[in-house]
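The values are calculated or read from the model by the stated rules, or taken from the named source; none is laboratory data. Since this is a predicted model, take the numbers as computed values, not measurements. Cβ placement follows ideal geometry from the backbone for every residue including glycine, while neighbour counts extend to all protein chains displayed.
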Amino acid sequence: MELSAFVLAGGRSSRMGSDKALLPFRGRTLLDRARELGREVAGSCRCVGSRDRYGDDVIEDVYAGHGPLAGIHAALRAGATELNLILAVDTPLLTPEYLRHLVAQAERSGAVATVTRTADGRLHPLCAVYRKSFADIAEGALREGRNKIDALFANVPTEYVEPAPAGFDERIFTNLNTPEDLAKL
């Protein structure tokens, strides 16, 4: 099944103090790393964020200021494939092997949302695969001012993928929110 990949880079980065997407990490910006990862898994990868910050080939939110759900919505509306890999810009330790595993689970399950759930019960809706139809669910929620992604999973067939039983180290989901987080890595 064809797959598109999208990197969400629209956050305010308020705790970081500067634009996370443009931070250097191991020789490349976080945005360049995430785009490369998306391309490795899906063949191509587009950024969802601000054209002013990241260039002309960027998808902008239709519902600006409504957080990551608006980014997912914009990606799904702009994408042409049934399956869509959504990645956060601030998780630089994700691996293509895990993402291929996630995509395979999405293909197998037929779920509208295939979401990573770590052993501690945390959901990672920005390391997930969404079918194009999730855009309609997201749009309805956004129009009503409901911006929480996790709450929408009760409304659609959702597959939860737990990485540890499949042999993946859950540290790959470490995200960078503060300068201290960046220094630790």
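The residue that is modelled with the highest pLDDT, among those in segment 1-43 that are surrounded by 22 or more Cβ atoms within 10 Å (Cβ to Cβ) and part of a loop (DSSP other than H, G, I, E, B), is Ala9.
I want to confirm something. Restricting to segment 138-167 and keeping residues that are of a type outside the set (Asp, Glu) and either assigned to a strand (DSSP E or B) or in contact with a Lys or Arg (Cβ under 7 Å, 6 or more places away or on another chain) (or both), which single residue is nearest to Arg35 (Cα to Cα)?
Among them, the one singled out is Val161.
Across segment 75-92, the qualifying residues are those that are within 12 Å of the chain's Cα centre (by Cα) and part of a helix (DSSP H, G or I), and the one among them that is surrounded by the fewest Cβ atoms within 10 Å (Cβ to Cβ) is Leu76. Inspect all residues belonging to segment 62-71 and state whether any of them is within 24 Å of Lys184 (Cβ to Cβ) and crowded, with 18+ Cβ neighbours inside 10 Å. Among the residues of segment 62-71, at least one is within 24 Å of Lys184 (Cβ to Cβ) and crowded, with 18+ Cβ neighbours inside 10 Å, which makes the answer yes.
Within segment 171-182, residues that are closer than 13 Å to Pro24 by Cα and surrounded by 17 or more Cβ atoms within 10 Å (Cβ to Cβ) reach partners that are at pLDDT 70 or above and among the charged types (D, E, K, R) with beta carbons closer than 6 Å, at six or more positions or on different chains, in the pairs Leu176/Asp90.
Could you please let me know if Ala135 is in a strand (DSSP E or B), aliphatic (A, V, I, L, M) and buried (at least 20 other Cβ atoms within 10 Å of the Cβ)?
Answer is no for this residue.
Consider segment 44-58 and keep the residues that are in a loop (DSSP other than H, G, I, E, B) and more than 14 Å from Asp19 (Cα to Cα). The one that is modelled with the highest pLDDT is Ser44.
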